[in-house]
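As structure tokens, the structure follows; a few thoughts come after it.
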């Protein structure tokens, strides 16, 4: 099956990267980095060339998200998964409530549950289902995932706990920037830049409210053991100096900055509008074909950055994708491995163009329909 299928020249996408793992980094960003020559790479992160770059990222994100007064952009090394432990150790006083919609939100809950003295309550919606976080009495942190990368489920609302000694923390890794969120209701909004923000992994950004910073300072004064690499106080102090605590990948910061600049040219609302248009294209396509269906049944919780589409079991997705990869037409739209579904998981990230997504749908449909 699919061995004889050939992608026609007119359907060949300009970029084959449709995966939701490492981001589609535009080639022009790489070319711009190369042009910096000896002036950036190989420079200490304590020197002006790198500190100015970090400052530009912080100011760019502040502008893009139109951050409320007093919110700070804190940066560090390690990625969003690293922050699961860092948040549990340095921002949760006694108890966190976790609203789980897939593998990564589940990993976050499990990481807090392993910390001595921290109770991590599980509110599990089940794979493929959505659930909005709510205030839960007795917990000092509410944890939710903006876009569950494994399933393509989003959240659409946050509880208002601004008058309570409770923090709302949101993992925005695969949704930050194009899945809308009211940051006035969020105290810790964190993400890795290797998704919508078109950079590499091993780095994190946390947008923190004054209440979150106050909590971090309070816990830092206790005798709780927190490794220095996970110290919120050190991360905040260094970020205020436009630097990270330990040596970062300068290329990662450079790519992030290029993407932030490009997205600021359009603005937050326009980027969201473009993402919604791409989501409409993919879900309408899936609903129009007898052999396809959106994995997320409730339209309100369908992602505008990661689309998961079920495929009739008669058609082997792994076999089809192997053929398309060999032709350098389509890369990495496999289902999340632990989900074990015969489905496509398609990136709708900002740099994946509408035109290429149109071609993708035509390629997939023509390949399957040849085998009907």
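If you go through region 191-229 and keep only what is within 22 Å of the chain's Cα centre (by Cα) and farther than 30 Å from residue 29 by Cβ, you end up with 209, 212. What strands (runs of 3 or more DSSP E), lying completely within region 239-353, carry at least 2 residues that are in contact (Cβ under 8 Å) with a residue 40 or more places away in the chain and within 17 Å of residue 147 (Cα to Cα)? Filter on region 239-353 gives 306-311, 343-347.
From the list 365, 293, 316, 288, the one residue that fits, being touching a helix residue (DSSP H, G or I) at 6+ places or on another chain (Cβ under 7 Å), surrounded by fewer than 21 Cβ atoms within 10 Å (Cβ to Cβ), modelled with pLDDT of 95 or more and more than 20 Å from residue 24 (Cβ to Cβ), is 293.
Taking residues in region 199-222 that are in the same structural domain as residue 75 (by TED's automatic domain parsing) and surrounded by fewer than 15 Cβ atoms within 10 Å (Cβ to Cβ), and partners anywhere that are in a loop (DSSP other than H, G, I, E, B) and modelled with pLDDT of 95 or more, the pairs with Cβ atoms closer than 7 Å and at least 6 places apart or on different chains are 210/70.
Per-residue answers, yes or no, for (1) without any contact (Cβ under 8 Å) to a residue 40 or more places away in the chain; (2) farther than 27 Å from residue 346 by Cβ; (3) exposed (fewer than 10 other Cβ atoms within 10 Å of the Cβ); (4) touching a helix residue (DSSP H, G or I) at 6+ places or on another chain (Cβ under 8 Å):
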| residue | (1), (2), (3), (4) |
| --- | --- |
| 1 | no, no, no, yes |
| 5 | no, no, no, yes |
| 11 | no, no, no, yes |
| 15 | no, no, no, yes |
| 21 | no, no, no, no |
| 24 | no, no, no, no |
| 33 | no, yes, no, yes |
| 40 | no, yes, no, yes |
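The values are calculated or read from the model by the stated rules, or taken from the named source; none is laboratory data. Bear in mind the structure is a predicted one, so any value in this text is a computation, not a measurement. For neighbour counting, all protein chains shown are included, and Cβ atoms are generated from backbone atoms with ideal geometry for every residue, glycine included.
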